[in-house]
1. For Thr79, are the conditions met, namely being at pLDDT below 95, open to solvent by less than 70 Å² (accessible area, probe 1.4 Å) and of a type in the set (Ser, Thr, Tyr)?
2. Just to be sure I understand the filter: pairs with C-beta atoms under 8 Å, separated by 6 or more residues or on different chains, first member in the range 92-107 and closer than 19 Å to Asp72 by Cα and open to solvent by less than 10 Å² (accessible area, probe 1.4 Å), second member at pLDDT below 95 and not in a loop (DSSP other than H, G, I, E, B). Which pairs pass?
3. Just give me the residues in the range 57-66 being touching a residue at least 12 places away in the same chain (Cβ under 8 Å), of a type outside the set (S, T, N, Q) and under 12 Å from Thr79 (Cα atoms), in sequence order.
4. Among the residues of the range 138-157, is there at least one that is modelled with pLDDT of 95 or more, open to solvent by 30 Å² or more (accessible area, probe 1.4 Å), part of a strand (DSSP E or B) and of a type in the set (Ser, Thr, Tyr)?
5. Inside the range 31-53, can you point out the residues that are on the phi > 0 side of the Ramachandran plot and open to solvent by less than 20 Å² (accessible area, probe 1.4 Å)?
6. Of (1) at negative phi; (2) surrounded by 20 or more Cβ atoms within 10 Å (Cβ to Cβ), Pro112 satisfies all except one. Which?
Amino acid sequence: MTLQDIAARLGSLLRAGGLSVSTAESLTGGMLGATITGTPGASDYYRGGAITYATDSKATVLSVAETTLASDGPVSPATAEQMARGVRELFGSSLGVSTTGVAGPTGQDGKPVGLVYIGVSDRERTVSHEFRSTGSTRDEVRRQAVERALSLLVDHLDRHHNTPPLTQP
């Protein structure tokens with residue numbers, strides 16, 4: 001399945017459930033939002049996104065706690081969760097999704113290249129998922145992070161929002 005296939009399936013699930021999504025991105029730098037909006041009709045369910053590449057913007061734009069950033073760092077499960085919750089609240093969407101990690105070419109604050117945390121937040125729960133990219137370039141790491149984020153959203157909707165199964169995306 002291509003990125004656009006997964007994004008189209010996500011869009012169908014969101015539309016069927018009457019839900020919306022917003023994105024908070026760090027290492028993916030807007031690629032996740034661009035992939036979602038590459039599907040025709042995405043304005044029906046995509047509320048907006050925030051690219052918070054700098055650590056301080058995670059706090060000022062998305063309300064990630066300064067204490068979390070100081071103790072856990074910008075690449076952590078807690079940061080991913082707070083980013084996802086923050087963007088969901090910022091845009092008033094049903095779901096928020098976040099990406100934070102290390103795209104390379106070198107590690108960051110003791111975290112290896114390819115380490116990614118993806119947060120997913122709805123009104124009832126906020127969770128994070130650790131992902132280890134196998135990409136050998138920044139572009140590959142970022143693309144794999146986007147693919148995983150989209151897949152996690154689809155899985156989340158299938159599990160928690162009782163959306164009908166689709167025969168085609």
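The values are calculated or read from the model by the stated rules, or taken from the named source; none is laboratory data. Quick caveat: nothing in here was measured; it's all calculated off a predicted structure. Quick reminder, even Gly has a Cβ in these numbers, built from the backbone with ideal geometry, and neighbours come from all protein chains shown. Heads up: the accessible areas ignore ligands, DNA and RNA and are worked out on the full protein's heavy atoms, side chains in. Shrake-Rupley method; radii C 1.70, N 1.55, O 1.52, S 1.80 Å.
1. no
2. So the pair list comes out as Val102/Gln108.
3. Lys58, Leu62, Val64, Ala65
4. Checked against the condition, which is being modelled with pLDDT of 95 or more, open to solvent by 30 Å² or more (accessible area, probe 1.4 Å), part of a strand (DSSP E or B) and of a type in the set (Ser, Thr, Tyr), the range 138-157 yields no hits at all.
5. Taking the range 31-53 as the starting set, the residues that turn out to be on the phi > 0 side of the Ramachandran plot are 41, 48.
If the condition is that a residue be on the phi > 0 side of the Ramachandran plot and open to solvent by less than 20 Å² (accessible area, probe 1.4 Å), then Gly48 is the only one that fits.
6. If we test Pro112 against (1) at negative phi; (2) surrounded by 20 or more Cβ atoms within 10 Å (Cβ to Cβ), just (2) comes out false.
Here's the yes/no breakdown for (1) hydroxyl-bearing (Ser, Thr, Tyr); (2) closer than 19 Å to Ser151 by Cα; (3) within 12 Å of the chain's Cα centre (by Cα):
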{"residue": "Ala24", "(1), (2), (3)": "no, yes, yes"}
{"residue": "Gly29", "(1), (2), (3)": "no, yes, yes"}
{"residue": "Ala42", "(1), (2), (3)": "no, yes, no"}
{"residue": "Ala50", "(1), (2), (3)": "no, no, yes"}
{"residue": "Lys58", "(1), (2), (3)": "no, no, no"}
{"residue": "Leu62", "(1), (2), (3)": "no, no, no"}
{"residue": "Ala65", "(1), (2), (3)": "no, no, no"}
{"residue": "Leu69", "(1), (2), (3)": "no, no, no"}
{"residue": "Asp72", "(1), (2), (3)": "no, no, no"}
